[in-house]
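The values are calculated or read from the model by the stated rules, or taken from the named source; none is laboratory data. Note that the structure is predicted; figures quoted are calculated from it, not measured. Positions of Cβ are generated from backbone atoms using ideal geometry, with glycine treated the same way; all protein chains shown enter the neighbour counts.
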């Protein structure tokens with residue numbers, strides 16, 4: 001009976017460590033869910049951050065608001081474009097997907113997202 005109990009504890013511990021290891025080594029795949037956005041028809045914009053080209057959409061050219069879009073974008077993009085155009089007719093809204101999302105190449109990471117956000121913000125400040 002004691003051997004069965006020890007064997008069960010070892011098996012449960014091994015399973016727990018295997019699950020934890022899986023989540024540790026594949027954590028990036030749980031953070032980012034890149035999807036293409038080829039079907040969206042809108043005014044497009046492009047930014048080059050070093051070797052990385054970012055593309056996105058522009059709504060209502062005029063004053064500037066910078067809006068960075070995240071996961072789930074293709075599902076909500078069409079309704080988001082319409083919604084933002086309706087509620088902000090006096091502002092320009094830039095929807096720039098993360099690297100690896102939409103039509104953007106590359107792999108998303110914390111450093112890359114900060115770099116892209118700062119680059120786009122700096123470029124938009126120059127335009128104003």
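Quick notes
- Conditions (1) part of a loop (DSSP other than H, G, I, E, B); (2) in contact with a strand residue (DSSP E or B) (Cβ under 9 Å, 6 or more places away or on another chain); (3) modelled with pLDDT of 75 or more; (4) surrounded by 16 or more Cβ atoms within 10 Å (Cβ to Cβ): number failed by residue 102: (3)
- Conditions (1) surrounded by fewer than 14 Cβ atoms within 10 Å (Cβ to Cβ); (2) farther than 30 Å from residue 20 by Cβ; (3) modelled with pLDDT of 75 or more; number of the one not met by residue 111: (2)
- Region 46-58, subset touching a strand residue (DSSP E or B) at 6+ places or on another chain (Cβ under 6 Å) and either modelled with pLDDT under 75 or part of a loop (DSSP other than H, G, I, E, B) (or both), residue nearest to residue 122 (Cα to Cα): 46
- Residue check, residue 87 modelled with pLDDT of 75 or more and touching a helix residue (DSSP H, G or I) at 6+ places or on another chain (Cβ under 7 Å): no
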